[in-house]
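The values are calculated or read from the model by the stated rules, or taken from the named source; none is laboratory data. None of the values given here were measured: they were computed from a predicted structure. Don't worry about glycine lacking a Cβ; one is built from the backbone with ideal geometry, like all the others, and counts go over all protein chains shown.
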């Protein structure tokens with residue numbers, strides 16, 4: 001018997017709305033983000049989950065709490081599910097419009113993301129921590145037939161999706177990172 005694996009990105013934040021790079025900066029949901037999570041709870045109310053693993057960042061925690069409100073689904077927080085760290089670029093608006101930004105390849109050509117800004121993570125660093133999380137927490141539960149939900153972030157979710165689906169690096173962002181959209185991976 002094999003369980004199902006689902007993943008969801010947190011609801012919108014004020015920083016999302018102004019295209020400010022969040023990374024591991026702890027930014028709460030805005031009213032729209034809370035409404036999105038509440039609406040998603042209704043839209044996906046018939047989808048079964050045995051457990052939810054969640055990033056400890058407030059925007060993911062609020063999303064998981066609102067999404068699972070009224071359900072008997074335990075939520076466990078794991079630091080390995082935090083968003084990718086963008087170093088000195090966290091809090092910067094419109095990072096893709098900054099000439100020669102070292103983050104442009106991350107978002108436009110992930111296969112060639114080489115110049116990692118000071119304090120930031122590489123895709124390999126991100127994949128290492130999310131891969132360890134999958135191996136340690138998720139895959140054993142799936143093997144037991146448990147249905148697992150992960151609530152996280154754009155880049156972190158893309159890392160998990162890429163690993164579960166064995167996608168090449170060039171397709172790192174292929175699955176999309178729409179807020180509060182539930183994606184079934186297995």
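Miscellaneous remarks
- Checking residue 130 against (1) modelled with pLDDT under 95; (2) surrounded by 20 or more Cβ atoms within 10 Å (Cβ to Cβ); (3) under 23 Å from residue 51 (Cα atoms), the condition it does not meet: (1)
- The lone exception for residue 102 - which of (1) assigned to a helix (DSSP H, G or I); (2) out of contact with any helix residue (DSSP H, G or I) (no Cβ under 7 Å at 6 or more places or on another chain); (3) within 27 Å of residue 14 (Cα to Cα) it fails: (1)
- Residue within region 112-123 that is touching a helix residue (DSSP H, G or I) at 6+ places or on another chain (Cβ under 9 Å), in a helix (DSSP H, G or I) and at pLDDT below 95 present: yes
- Any hit, region 151-165, residues being over 24 Å from residue 12 (Cβ atoms) and exposed (fewer than 15 other Cβ atoms within 10 Å of the Cβ): yes
- Tally of residues being in contact with a helix residue (DSSP H, G or I) (Cβ under 7 Å, 6 or more places away or on another chain) and either touching a residue at least 60 places away in the same chain (Cβ under 8 Å) or part of a strand (DSSP E or B) (or both) across region 34-49: 2
- Flag if residue 141 is part of a helix (DSSP H, G or I), without any contact (Cβ under 8 Å) to a residue 60 or more places away in the chain and either surrounded by 16 or more Cβ atoms within 10 Å (Cβ to Cβ) or on the phi < 0 side of the Ramachandran plot (or both): no
- Subset tally (residues that are within 19 Å of the chain's Cα centre (by Cα) and either without any contact (Cβ under 8 Å) to a residue 40 or more places away in the chain or within 19 Å of residue 57 (Cα to Cα) (or both)) for region 77-104: 14
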